[in-house]
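Student: Below you will find the structure I want to go over with you.
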């Protein structure tokens, strides 16, 4: 254990209960189910592992290394900087894989496709995420000379990769994430755009279209553009650019995907064009990488760099002196991570160390603005973003140049965009990336990335059974400072999610604490574009859209993102996926035959038809996280009419499954199409299912969807003949369980006189 006597001089860290819970569940060392290190030990483990690179590889003495260890450790304790999760998890441990982002090539051959799939599995197992471009693959129905057959096309292999990811647990804790990219000029682009039309499909991939400058020019001019067969290089056909662009916008409007990456902009900033071209990014889209390249990320917490009077007073200002010190240490840290990391493949190590890309980004931007008294949706916020990121990039470059003087430039410096007369050598091909910071910002207790606050208050259920209202810390401070009734206001905030509906709150304070959906999309985009100006790689941000946003407005936002210099964009319309559920089968004339109309003028309510006394059906058994789930699907002469479920005693969510089944049964007897129901519930994910080996569904609703699908697809004669009973399933669970784990939903067992969860290590005994 790291926490020895000599380490007691290192300061303790103040963490929220939520941060400690996160660290204990995912980051701290364990022996079996016992956590064997404190948060301080973890941070010291990381600091020591990264600092000792100076001594082992670059000739620093022990005293200098000890001082560097302390400096790195202090960054964590003061919550000024956090590295990406793989570094926190893996530094100083056997796995030792410290990078978050990888991109792999997908060559147009069976060997290349499956060699890459094997490499991806190894990366996922080590805790990394992978990006792929499928644009090299010949289109569907193209000629395969070696066999004389027809190609299945890139979409079929995306599905293969998705299924393989489902089978591999990432770092022993979670499945890997993927980015799937297809160029807008690939012949299969239209089918690619619809790949996620059915919710829950390709659940292990984010999808993005690689948009070219020529395509955007054709959209602006209202012209057609050419689709190119990547095998032959010949034109396959032409499409109307505006129609394709509208289809992209329409799919993004309906469920948030695909995103866009502006591939020509990314390649214009590619620091090593002589080595290769950018084809894809990491899973979240902010890190363009060459094939076989990886990148490690870290984020500076801007909210702590405010000097003078804080919380909106005129004297408050960014503490650039302290920020500069942190930037230099962070760049040093990230460069050392490259040397300290163990890579999953030799080729990844070679390419990564040849370019030595790092991605220094930010979090806590919303906190910074509040402390400076600047509303997020203001010109001043945009200017602050530009100034802060310009400073981070400038100081980061200085540190990379200093390291290059001591250690040498990155090996591919010759022929790079930096290889110019009078240009100082660079240690790293890229310096800055604005990445998502969901977990590390929770550890640091700050706002996420460059996003505004998503919510100001939320409920948290604690083990005593109480429900506590947790708030954005700066909101609590501001309410107290204003002398306002904190308890009264926070109760209303918990209900409404906003300060604006409260007459007791001054407008200026409400403006400071606007939440994501209160901010116009154009302002979201302006902040992203502001940070992009001084970011080498790309900026990860979601452009939140209100529910009433139209497809035309989505088109406008996508075009504005291109024109403003962003390298990519992701939009999400509030409630879009939930709205699909609500609209399925409602108000459609085709339903009137199945249900019973009330007959009242203007009353458009449909009632379910009555259940017959005798039904026939099938029962299917599924392995779920809590044990076994039995799904019975019954039919009459009009089709499927009823679904019900049964679980063993280990099932902690039987009531939820029963409620789901009852609602589905009512919908079926009201004439809602079975396919529509399957589309809405298939692929829903439950932590209890996705954390357990051998589970073949992602949740109880997903199991119901699969049971319905099998009945729909079965031949009619088989459907009539099958009439299995499900009455005996109550006695199937022989193992005693003691309720459901409050942390992960898995069944608990009695061991050593205590209720414990074997899945996540939770214990009622503390």
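Student: Hey, any hits in segment 317-330 for a residue that's without any contact (Cβ under 8 Å) to a residue 24 or more places away in the chain and farther than 20 Å from residue 83 by Cα?
Tutor: yes
Student: Any chance segment 52-71 includes a residue that's crowded, with 20+ Cβ neighbours inside 10 Å, within 29 Å of the chain's Cα centre (by Cα) and assigned to a helix (DSSP H, G or I)?
Tutor: no
Student: So, one more: Considering only segment 546-560, how many residues are in contact with a strand residue (DSSP E or B) (Cβ under 8 Å, 6 or more places away or on another chain), in contact (Cβ under 8 Å) with a residue 60 or more places away in the chain and outside any loop (DSSP other than H, G, I, E, B)? Quick ask: steps written out before the conclusion?
Tutor: Keep residues of segment 546-560 that are in contact with a strand residue (DSSP E or B) (Cβ under 8 Å, 6 or more places away or on another chain), which gives 546-547, 549, 553-554, 557-558.
Adding the requirement that they be in contact (Cβ under 8 Å) with a residue 60 or more places away in the chain leaves 549, 554, 558.
Those left that are additionally outside any loop (DSSP other than H, G, I, E, B): 554, 558.
Summing the residues that are in contact with a strand residue (DSSP E or B) (Cβ under 8 Å, 6 or more places away or on another chain), in contact (Cβ under 8 Å) with a residue 60 or more places away in the chain and outside any loop (DSSP other than H, G, I, E, B) in segment 546-560 gives 2.
Student: Cβ contacts < 9 Å: first residue at positive phi and in contact (Cβ under 8 Å) with a residue 12 or more places away in the chain, restricted to segment 287-308; second residue assigned to a strand (DSSP E or B) and surrounded by 23 or more Cβ atoms within 10 Å (Cβ to Cβ), any location; separation 6+ or different chain. Result?
Tutor: So the pair list comes out as 292/102; 292/103; 292/104.
Student: Residue by residue through segment 252-264, note down the ones that are surrounded by 22 or more Cβ atoms within 10 Å (Cβ to Cβ) and assigned to a helix (DSSP H, G or I).
Tutor: Matches in segment 252-264: 252, 263.
Student: Further, regarding this structure: Hey, any hits in segment 132-150 for a residue that's crowded, with 17+ Cβ neighbours inside 10 Å, out of contact with any helix residue (DSSP H, G or I) (no Cβ under 7 Å at 6 or more places or on another chain), in a helix (DSSP H, G or I) and in contact (Cβ under 8 Å) with a residue 40 or more places away in the chain?
Tutor: no
Student: Another one. Got a sec? Which helices (runs of 4 or more DSSP H) wholly within segment 299-397 have at least 3 residues that are surrounded by fewer than 24 Cβ atoms within 10 Å (Cβ to Cβ)?
Tutor: 320-340, 346-355
Student: Can you name the residue in segment 287-312 that is touching a strand residue (DSSP E or B) at 6+ places or on another chain (Cβ under 7 Å) and modelled with pLDDT under 95 and, of all such residues, is farthest from residue 537 (Cα to Cα)?
Tutor: Applying the filter and picking the extreme gives 308.
Student: So, restricting to helices (runs of 4 or more DSSP H) that lie completely within segment 646-718, which ones have at least 3 residues that are at pLDDT 70 or above?
Tutor: By residue number, 654-669, 674-681, 700-713.
Student: Taking the residues in segment 153-163 that are surrounded by fewer than 18 Cβ atoms within 10 Å (Cβ to Cβ) and out of contact with any strand residue (DSSP E or B) (no Cβ under 9 Å at 6 or more places or on another chain) as candidates, determine which candidate is farthest from residue 191 (Cα to Cα).
Tutor: Only one residue tops the list, namely 163.
Student: Across segment 515-548, what is the number of residues that are crowded, with 20+ Cβ neighbours inside 10 Å and farther than 30 Å from residue 474 by Cα?
Tutor: Matching residues across segment 515-548 total 2.
Student: Which fully enclosed strands (runs of 3 or more DSSP E) of segment 191-250 have 3 or more residues being under 31 Å from the mean Cα position of the chain (by Cα) and either buried (at least 18 other Cβ atoms within 10 Å of the Cβ) or touching a residue at least 12 places away in the same chain (Cβ under 8 Å) (or both)?
Tutor: 205-211
Student: Suppose we keep only residues that are assigned to a loop (DSSP other than H, G, I, E, B) and modelled with pLDDT of 90 or more within segment 17-36. Which one would you say is surrounded by the fewest Cβ atoms within 10 Å (Cβ to Cβ)?
Tutor: At the first step, the residues of segment 17-36 found to be assigned to a loop (DSSP other than H, G, I, E, B) are 27-29, 32-33, 36.
When the remaining residues are screened for being modelled with pLDDT of 90 or more, the result is 27-29, 36.
Values: 27: 19, 28: 19, 29: 17, 36: 13.
Selected residue: 36.
Student: Taking segment 415-435 on its own, how many of its residues are within 22 Å of residue 352 (Cβ to Cβ) and either buried (at least 24 other Cβ atoms within 10 Å of the Cβ) or touching a helix residue (DSSP H, G or I) at 6+ places or on another chain (Cβ under 6 Å) (or both)?
Tutor: So the count comes out to 11.
Student: Is it true that residue 267 is surrounded by 24 or more Cβ atoms within 10 Å (Cβ to Cβ), farther than 16 Å from residue 180 by Cα and in contact with a strand residue (DSSP E or B) (Cβ under 9 Å, 6 or more places away or on another chain)?
Tutor: Against the criterion (surrounded by 24 or more Cβ atoms within 10 Å (Cβ to Cβ), farther than 16 Å from residue 180 by Cα and in contact with a strand residue (DSSP E or B) (Cβ under 9 Å, 6 or more places away or on another chain)), residue 267 does not qualify.
Student: Among the residues that make up segment 72-81, is at least one of them touching a residue at least 24 places away in the same chain (Cβ under 8 Å), over 30 Å from residue 151 (Cα atoms), part of a strand (DSSP E or B) and out of contact with any helix residue (DSSP H, G or I) (no Cβ under 6 Å at 6 or more places or on another chain)? Don't jump to the end; show me each part of the working.
Tutor: Keep residues of segment 72-81 that are touching a residue at least 24 places away in the same chain (Cβ under 8 Å), which gives 72-81.
Checking which are over 30 Å from residue 151 (Cα atoms) leaves us with 72-81.
Right, trim to part of a strand (DSSP E or B) and you get 81.
With the extra rule that they be out of contact with any helix residue (DSSP H, G or I) (no Cβ under 6 Å at 6 or more places or on another chain), the set shrinks to none.
No, there is no match, as no residue in segment 72-81 is touching a residue at least 24 places away in the same chain (Cβ under 8 Å), over 30 Å from residue 151 (Cα atoms), part of a strand (DSSP E or B) and out of contact with any helix residue (DSSP H, G or I) (no Cβ under 6 Å at 6 or more places or on another chain).
Student: Within segment 456-486, can you find the residues that are at pLDDT 85 or above and either assigned by TED's automatic domain parsing to the domain that holds residue 306 or assigned to a loop (DSSP other than H, G, I, E, B) (or both)?
Tutor: Matches in segment 456-486: 456, 472, 482, 483, 484, 485.
The values are calculated or read from the model by the stated rules, or taken from the named source; none is laboratory data. Bear in mind the structure is a predicted one, so any value in this text is a computation, not a measurement. FYI the Cβ positions are ideal-geometry reconstructions off the backbone, even for glycines, and counts take in every protein chain you see.
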